[in-house]
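Worksheet for the structure shown next.
The values are calculated or read from the model by the stated rules, or taken from the named source; none is laboratory data. If you're wondering where the values come from, they're calculated on a predicted model, not measured in any experiment. Ideal geometry is used to build each Cβ from the backbone, glycine not excepted, and the neighbour counts take in all protein chains shown. Each accessible area value is taken on the protein alone, full model and side chains, heavy atoms only, with ligands, DNA and RNA left out. Shrake-Rupley method; radii C 1.70, N 1.55, O 1.52, S 1.80 Å.
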Amino acid sequence: MTMPGLVLTADRQIAMAERPRPKLRADQVIVEIDLCGICGSDLHSPDLPQVYLGDRILGHESTGRLAAVGADIAGWAVGQRVAVNPNGNVCGRCAFCRSGRPNFCRQATMETALGLQVDGALAPVMAAFPGNLRRIPEAMGQIEAAWVEPTATALRAVELAGDLAGRSVVVTGGGPIGQLACRIAHAKGAGRLWLVEPAADRAALASDSHARPVAPDAFLEQVGESAADVVIECSGNATATSTALRALAPGGVLIVVGAGPGSGLDPATVLLKEITVRGSFTYTDEFDRAIDLLADGTIPVTDLTTTITPLQDALRAFEELRAGRAVKALIAPNR
């Protein structure tokens, strides 16, 4: 049997295609997908062969219900609601797993990540391992459940900056991760908070994310040279990174969560200001804590959800995102 899916093809094009419906293995479950978000990295997947393999179904921000459970799996039952951690199939044996850093487990992040190296959730059903599954409350909304993965990404980035109470924080890039970073930074007591974003629609969300919107060309004028304690770079733009270094105060912290061509890092500025530069890669226990933040309403996300689209319109949703006409598109494969 086959099913439709949004695929990164073998020749690295994004296209709708018929794919084999996954067969239930004894060590896996089948998840019926309720919603799957389109990530910014999905838009660039043809140009990211390091992590996205060709001939795979895309989609790594998903929620759904268990449709079937393999014979060797205990503790899970058909019908349970889950948020799916695409990087959750950790080996448990490598040095990173044993030292509490499973986000560097090669098996989990570079070999079996759902929607990157194996078939993902932009299809009606998806096979997953038990390690990918996280229970969610029955009362939790579908939209909130679909936001767990990006919220976990933003939560790790913000927490890597340290104690934010009363500190001046700049977030560059007003996409989903940037908006979430602002909301989490506010919840953690940040003082002055700015969001740097050129697109009017995304900048308009800054106030709801508790930040002051700043256009990139007015960044330094409004924030000030050497005035920010922390910059969380979510845009992947080298110019934004370069300007962020100028805005950081001596001893400031730059968290890099967006990736793009060029670094924008000036070694002399890093040296003279003793700036701490930290990368933020996926998440560890942040995935589980993100569920709590979304379930109890601490971090609202419905206003960031631009559209919920059936699978047959997923390619159009990709184009809307590329054109900057949407903040977040969720795909509902079974509608």
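Any idea how many residues of the range 126-180 are under 30 Å from residue 57 (Cβ atoms), open to solvent by less than 30 Å² (accessible area, probe 1.4 Å) and touching a strand residue (DSSP E or B) at 6+ places or on another chain (Cβ under 9 Å)? Residues flagged as under 30 Å from residue 57 (Cβ atoms), open to solvent by less than 30 Å² (accessible area, probe 1.4 Å) and touching a strand residue (DSSP E or B) at 6+ places or on another chain (Cβ under 9 Å) within the range 126-180 amount to 20.
None of 83, 113, 71, 108 is at pLDDT 95 or above and open to solvent by 10 Å² or more (accessible area, probe 1.4 Å) except 71.
Given the conditions (1) in contact (Cβ under 8 Å) with a residue 24 or more places away in the chain; (2) touching a helix residue (DSSP H, G or I) at 6+ places or on another chain (Cβ under 7 Å); (3) open to solvent by 50 Å² or more (accessible area, probe 1.4 Å); (4) under 18 Å from residue 112 (Cα atoms), and given that residue 55 satisfies all but one, which numbered condition is not satisfied? Failing condition for residue 55: (2). In the range 89-194, counting only helices (runs of 4 or more DSSP H) that sit wholly within it, the ones holding 2 or more residues that are closer than 24 Å to residue 307 by Cβ span 142-146, 148-160, 176-187. Against the conditions (1) in contact with a Ser or Thr (Cβ under 8 Å, 6 or more places away or on another chain); (2) surrounded by 17 or more Cβ atoms within 10 Å (Cβ to Cβ); (3) of a type outside the set (A, V, I, L, M, F, W, C), residue 18 satisfies every one except (2).
When you scan the range 319-335, how many residues do you find that are of a type outside the set (D, E, K, R) and either touching a Phe, Trp or Tyr at 6+ places or on another chain (Cβ under 9 Å) or more than 17 Å from residue 202 (Cβ to Cβ) (or both)? Here the count works out to 6. The criterion of being open to solvent by 30 Å² or more (accessible area, probe 1.4 Å), assigned to a loop (DSSP other than H, G, I, E, B) and over 17 Å from residue 181 (Cα atoms) holds for residue 263.
Scanning the range 227-261 for residues being in contact (Cβ under 8 Å) with a residue 60 or more places away in the chain, aliphatic (A, V, I, L, M) and closer than 13 Å to residue 160 by Cβ gives a total of 6.
Within the range 41-51, can one find any residue that is small (Gly, Ala, Ser) and surrounded by 14 or more Cβ atoms within 10 Å (Cβ to Cβ)? Working first, answer last.
Taking the range 41-51 first, the residues small (Gly, Ala, Ser) are 41, 45.
Pick out the ones that are also surrounded by 14 or more Cβ atoms within 10 Å (Cβ to Cβ) and you get 41, 45.
Yes: one or more hits.
Total residues in the range 38-55 satisfying the condition of being of a type in the set (Ser, Thr, Tyr) and either within 14 Å of the chain's Cα centre (by Cα) or not in a loop (DSSP other than H, G, I, E, B) (or both): the figure is 2. Taking the listed residues 240, 247, the one that is over 19 Å from the mean Cα position of the chain (by Cα), closer than 25 Å to residue 152 by Cβ and modelled with pLDDT under 95 is 240, with no other qualifying.
Might you let me know whether the range 203-219 holds any residue that is assigned to a helix (DSSP H, G or I) and under 16 Å from the mean Cα position of the chain (by Cα)? No, every residue in the range 203-219 fails to be assigned to a helix (DSSP H, G or I) and under 16 Å from the mean Cα position of the chain (by Cα).
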